[in-house]
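The structure appears right after this line, and notes come after that.
The values are calculated or read from the model by the stated rules, or taken from the named source; none is laboratory data. Note that the structure is a prediction, hence the values are computed from the model and not measured. Cβ placement follows ideal geometry from the backbone for every residue including glycine, while neighbour counts extend to all protein chains displayed. These area figures cover heavy atoms from the full protein model, side chains too; ligands, DNA and RNA do not enter into them. Shrake-Rupley method; radii C 1.70, N 1.55, O 1.52, S 1.80 Å.
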Amino acid sequence: MSRRPVIVIHGGAWAIPDKLATGSIDGVKAAATTGYRVLQDGGTAVDAVEAAIVVLENHPAFDAGYGSVLNANGEVEMDAVLMTGHNLQCGGVACVQNIKNPIKLARAVMDKTDHTLLVGLGSNQFAEEIGMEKVSTDDLVTEDAKAEWKEFMKFKTTVNVLFRNRDVKLSGCDTVGAVALDNAGNVAFGTSTGGITAKRPGRVGDRSGGYADNTSGAVSTTGHGESIVKVCLARQITFNMEQGLSAQEATEKALQSMANRVQGSGGAVTVSKDGDIGKHFTTERMAWSWIKDGQLHYGLNPGEDFSQAV
Ligand code: ASP
C-alpha cells in the first residue's frame, strides 16, 4: 500500500540552555529535511532514519557522535540503535568508542551480523572488520562537553541528578532520535547517544531507545535511560496505540506513567502505522521536528508548534 511519507525527529529531552536553543532547532530541522528527502526519493523508513541521525550526530549541539558527553573517566562511550518495523530487524552498538557515526555501525550490525547488539571492544572490533573509519576522541569532544563533565564530576550521581533535580543547569547537549513511515507503509526508528555526563564507564542507559513494528508504529525515546528501561517506555507507547489511542495520546500516557511509576522524566517521538504523529516531553524542553505533506513543524518549549513549507 502506498503511504504519504512522514519523518519525526527529536534532539533530546532535557533543560536545553538558551545558548543551544537555536542550534538545536536548526539541527532537528536539517535532520527532518534530509530524512524526508530520502523518503520522497523512494528510500525506506530505516534509510531515512539513518540519514537523519547522521546529520544530528555530526552536529555539535547534540550528545551523539560529535558533541557526545564524557564518562567518569573522561572518555566518550556511545550507544546507537535502529529497528525496522516490517520484520522487526534491529541492530545496535553500546559503549562504542572512536566512531564518527555510531548509527551507521548499528545499521551494519543489523544488516551484516546475526546479532542485535554488540558492545564495547566487540563493537569496535566489528567496526574495524567492516572498514569503518575511526576518529580520535578529540574529534568527538566539544568544549561544552568538557565543561559539563567538570561540573558533574562534583556530583558523583549524575544520572539521577540530571533528570530529577531541576535546580541543576547544564551546558552540554543531548541524545537524538528519529522515526519514519515510508511510501511502502514500513515504519522504523533510530536513536543515538553519548549517554549521560560522568556516567560510570560501561553504563548503557536504555538498551533499546525505541521500538518499531508495522502493526502499530515506531517510537524513539530520550531521557533518563534507567527509567526508560524499567518501564519499557517505547513498547508502552506502541501498546497504547494498539489499544486504540492516537500517537499523541499514547506518547503522553506512557511518559506520564513513567513519571508516576519511577519518577523519571524524558521524551519521545512517535509515528503510527497510519502516519499519525506524537511528540511529548516531561523535561523542560525537547527540540523536535516533523515533516508530512511537505509541511515542516518544529518546536522546543512546551506548547510550541511553528511551521513552514519545505
Ligand atoms: N536516554 C539517554 C541515556 O540514558 C540519555 C538521553 O536521552 O538524554 O543514556
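I'm checking my understanding of the structure. Among residues of the stretch 158-183 that are modelled with pLDDT of 55 or more and under 24 Å from Leu117 (Cα atoms), which one is farthest from the ligand (Cβ to nearest atom)?
Leu181
Kindly establish whether Ala51 is open to solvent by 20 Å² or more (accessible area, probe 1.4 Å), outside any loop (DSSP other than H, G, I, E, B) and small (Gly, Ala, Ser).
yes
Which pairs have Cβ atoms under 7 Å, sit 6 or more apart or on different chains, and link a residue in the stretch 16-27 that is closer than 13 Å to Leu56 by Cβ to one that is in a helix (DSSP H, G or I) and open to solvent by less than 80 Å² (accessible area, probe 1.4 Å)?
Listed pairs, sorted by first residue: Gly27/Leu56.
Could you tell me which of the residues Gly67, Gly27, Gly23, Gly42 is of a type outside the set (Asp, Glu) and under 16 Å from Asp79 (Cα atoms)?
The conditions single out Gly67.
Identify all residues within the stretch 1-44 that are closer than 26 Å to Thr84 by Cα and basic (Lys, Arg); write none if there are none.
Of everything in the stretch 1-44, those that are closer than 26 Å to Thr84 by Cα and basic (Lys, Arg) turn out to be Arg3, Arg4, Lys29, Arg37.
Select from the stretch 233-262 the residues that are open to solvent by 10 Å² or more (accessible area, probe 1.4 Å), within 16 Å of the ligand (Cβ to nearest atom) and touching a residue at least 24 places away in the same chain (Cβ under 8 Å) and list them in ascending order.
Passing the criteria: Arg235, Val262.
Keeping to the stretch 195-228, report how many residues are on the phi > 0 side of the Ramachandran plot and within 12 Å of the chain's Cα centre (by Cα).
Total meeting the criteria: 4.
Considering only the stretch 54-101, state which residues are open to solvent by less than 30 Å² (accessible area, probe 1.4 Å), part of a loop (DSSP other than H, G, I, E, B), of a type in the set (A, V, I, L, M, F, W, C) and more than 26 Å from Thr44 (Cα to Cα).
Passing the criteria: Ala61, Val69, Leu70, Val76.
Touching a Pro at 6+ places or on another chain (Cβ under 8 Å) and touching a residue at least 24 places away in the same chain (Cβ under 8 Å), is that true of Val119? Explain how you work it out, then say what you get.
Values: touching a Pro at 6+ places or on another chain (Cβ under 8 Å): no; touching a residue at least 24 places away in the same chain (Cβ under 8 Å): yes.
No; evaluated as a whole, the condition is false for this residue.
Residue by residue through the stretch 193-203, note down the ones that are within 9 Å of the ligand (Cβ to nearest atom) and small (Gly, Ala, Ser).
Scanning the stretch 193-203 gives Gly194, Gly195.
Scan the stretch 184-192 and tell me whether some residue there is under 23 Å from Ala31 (Cβ atoms), within 13 Å of the ligand (Cβ to nearest atom) and modelled with pLDDT under 95.
Within the stretch 184-192, none of the residues are under 23 Å from Ala31 (Cβ atoms), within 13 Å of the ligand (Cβ to nearest atom) and modelled with pLDDT under 95.
For the stretch 291-310, give me each residue that is open to solvent by 30 Å² or more (accessible area, probe 1.4 Å), touching a residue at least 60 places away in the same chain (Cβ under 8 Å) and farther than 23 Å from Lys19 by Cα.
Matches in the stretch 291-310: Lys292, Asp293, Val310.
Only residues that are within 10 Å of Ala13 (Cα to Cα) and among the charged types (D, E, K, R): list them for the stretch 256-287, please.
Glu284, Arg285
Consider Ser216 carefully, then state whether it is crowded, with 18+ Cβ neighbours inside 10 Å, farther than 23 Å from Asp63 by Cα and either touching a residue at least 40 places away in the same chain (Cβ under 8 Å) or near the ligand (Cβ under 10 Å from one of its atoms) (or both).
So Ser216 fits the description; yes.
Look at Arg4 and say whether it is of a type in the set (D, E, K, R), more than 21 Å from Ser265 (Cβ to Cβ) and modelled with pLDDT under 95.
yes
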